[in-house]
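Inspection log for the structure reproduced underneath, given as structure tokens.
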Amino acid sequence: MPAPREPLVWNERYATGVEAIDEQHMILVHTLNEAATKLAEDASVEHLDRITQDLLAYALYHFETEESLMQEYGYEESSAEEAAIHLAQHRSFSSKVVAVREGIKAGNPITPDELLAFLDNWLINHILNTDQRLGAFIRERQAAG
């Protein structure tokens with residue numbers, strides 16, 4: 001049996017300096033930790049389905065927030081390549097979670113460990129790289145007034 005997943009712990013390295021983004025990231029970290037606890041207790045297909053549905057719904061809400069901030073601050077005009085990468089990562093994540101959900105419905109569910117490893121790695125990599133660049137851009141624009 002694999003070792004239990006270590007909970008993600010929010011730290012200042014994850015902070016983008018943009019309050020709306022950071023608050024939602026904290027909620028995502030908390031949600032992933034909660035999902036891990038729930039799946040450790042009950043890894044049924046019904047539970048996996050509900051958790052992936054809830055995570056996808058919140059992730060889409062979060063992506064909407066980031067993407068509206070991108071528009072508000074002119075990220076696509078000023079950093080077209082970075083913006084395109086950022087949007088592609090959001091779409092790729094959503095597609096992966098939809099595929100996981102389709103697998104669950106088709107009777108080929110992902111294991112809880114695989115799901116949590118994917119979610120943890122994606123979130124941390126996205127926050128530490130892509131979201132940090134967006135945060136720096138927004139802070140720079142805010143400072144320029």
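Listed values, structure above:
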item: Value in Å of the Kirkwood radius, where the stretch 68-135 supplies the Cα pairs that are averaged; result: 13.5
item: When the chain is reduced to its Cα atoms, the Kirkwood hydrodynamic radius in Å; result: 16.1
item: Mean ellipticity per residue at 222 nm, deg cm²/dmol - from DSSP H runs of n ≥ 4 across the chain, formula -39500 (n - 2.57); result: -25000 deg cm²/dmol
item: Of the DSSP H helices in the chain, those whose Cα atoms cover at least 24 Å axially and whose Kyte score averages -0.5 or more; result: 19-41, 45-72, 80-105
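Quick note: the coordinates plus some simple rules give every number you see, no bench work behind them. Quantities reported herein were computed from a predicted structural model and do not represent experimental measurements.
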